[in-house]
Amino acid sequence: MEAPRGRTAGWGAPSPQQAGHILPHHGLWSGCASWRVGGGRAGLCAVLWPQQPPPTTGFDTLSIESKKAATVVLMLNSPEEEVLAKACDAIYKFASKGDENKVTLLNLGAVEPLFKLISHEDPIVRKNATMAFGIMASNSDVKKLLRELDVTNSLIARLVPEVRELNVIPPLLELLKSEYPVIQLLALKTLGVISNDKETRIILRENQGLEHLFKILETKEFNDLHVEALAVVANCLEDVDTMQLIQQTGGLKKLLSFAETSTIPDIQKNAAKAISKAAYDSENRKILHEQEVEKCLINLLGTDNDGVKTAVSQAISAMCENLASKDAFGIQGIPQLVQLLSSDNEEVKEAAAMALANLTTANPGNASSVAEAEGIEPLINVLSAKRDGAVANAAIVLTNMATQEPLRLSIQSHGIMNAIGEPLQSTNSQVQSKAVLTVAAFGCDADARTELRNAGGLEPLVKLLHSRNEEVRRNACWAAVVCASDELTAVELCRLGALDILEEINLSMGRRNHFSERALDKLLDNNLSQKYSQMGYLSFSNIITDSFYDYGQVKPGVKLLSLEELSTQELNDRRAVILVNIKPPEV
């Protein structure tokens, strides 16, 4: 590889061509990283010369040389622009040598970081990454991965500013009138990508693009273009001005009717996605509610297609931000969503659980409707689902239902505390957070605490007190407050180390919270033997009952032995343990 102009390709003094880099006033010269590609391998030889005398506290110059492609791929994550540029260039040359090298780079995970570098702020990095990415894309295995990553749309989307400057919207709209269906389809696909940009949508609206799109949707002969046309409309509905325009011209009613009467799953799915996108804006939600979008979505829930069911459930979730819509979905929508919880499709299950979570939040009527639709058992079953989103949302629904005592007792009778053990052991922070809130919601009942204790649920709860995630830690502390309401559970929590963890948390200004302080107090107040041994006193509100014992003062960090453990010890000359027991002896 020829060294770039003004740089050195290896060690030694600067060449005559590099004389312009001599700094007479310092007597120093500068160079930069140089990459070599040869023998089927990519290598790095980085030689850096400072342009100023290095400070005594600075990092010394580091030279790196590698002949392994894996090292070059690692360099794609470097924060230094020059290293990135050279790494991309080396990968380009390496990949150019044949498909075997492309597969090697694919297996080393080079595709994803290269894709990210295509949008790098440095133009040289961007150019070299694009060249490397382009040569890699000629391999069939790489192409397969690129399709999975939806790279084409992302690349086109990056050209949107240039598309606007070149004023391509009018020519694209003209292509929609072409007599060749393939040209119409490609024009719609392009509009579908670039209309993700707000400024482009404004230009599209100003050029009467919506009229062209609705004309296609209203023409039965163009049914092969309906899916793509609907995708463009879905993007346009994100803008309130466009939504109002479509409503005023009667287009919104036509769109909902079109989606409801169509028998093509992709059209129904895209219509639901269009509603989801539009519903992110509060004004759009009001407009959709006025057009009775709830009836359309409820009807679409009955479609025998998993993709449609997923998209419709997501649209219902988005519309739940409107309180009137939330009530409208309740009576007819909830029974259908409950049925979807038992779907074999995990994505459908997750979307239905999310819709129910949104419908039941701050809505007791909808929570009751879930119970009436026999949703308790399916929800508990979803707690062991494969997708984290499904588990977290099922926990939210159960927690929302627990605010009503009859529902809470009914859920408890279905074994909620046994079922919640698995989510408590999840590695997903959202699942952990919602699971401990469920424990807190049901832990107010003594029988539920006993069930949790017997099921081994306290141990994962204690571990979550150590979580680095602030929300998980706070919710776990709240669950500990609730669960420490009786002596048996409080003693077990202390045995599992909750006391030590809470004391550690409360010493930290960053991790301490109101619930951690309350949890510590609650643990000690319901484990008076521990409190007296640790603090040397009891509060006026503490009432001694049977099995209280005075072991004596214990040092910080020393575990207080239980009565069972003390009873197994041999007699010694240490002070006696005083046990309080006022029960009459059994005869």
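All of the numbers you see were taken from the coordinates with simple rules; none came from a lab. Source: prediction; values computed, not measured. Here Cβ is always computed from backbone atoms with ideal geometry, including for glycine, and neighbour counts include all displayed protein chains.
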So which of K102/K198; K189/K386; K143/K253; K309/K386; K277/K349; K93/K198 end up more than 30 Å apart by C-alpha?
K102/K198; K189/K386; K143/K253; K93/K198
May I ask you to order 178-188, 193-203 by the average number of other C-beta atoms within 10 Å around their residues, highest value first?
193-203, 178-188
Sequence of H120, H414, H514 once ranked by neighbouring C-beta atoms within 10 Å, starting from the fewest
H514, H414, H120
Local net charge near G330, Cβ-Cβ under 12 Å (Lys/Arg +1, Asp/Glu -1)
-2
What whole-number distance in Å separates the alpha-carbon centres of segment 455-513 and segment 110-136?
47
Simple spin-label estimate for L149/I331, 7 Å along Cα→Cβ, in nm, reads 5.1
Could you work out the local net charge near A311, counting Lys and Arg as +1, Asp and Glu as -1, over the other residues with Cβ closer than 9 Å to its Cβ?
+3
Least to most buried among I246, I118 (fewest other Cβ within 10 Å first):
I118, I246
When F222, F258, F442 are ranked with the fewest other C-beta atoms within 10 Å first, the list becomes F222, F258, F442
By how many nm would the segment from K116 to E211 lengthen if fully extended, with 0.36 nm per residue of separation less the alpha-carbon distance?
30.5 nm
What whole number of Å gives the distance from the Cα centroid of segment 366-409 to the Cα centroid of segment 259-331?
22
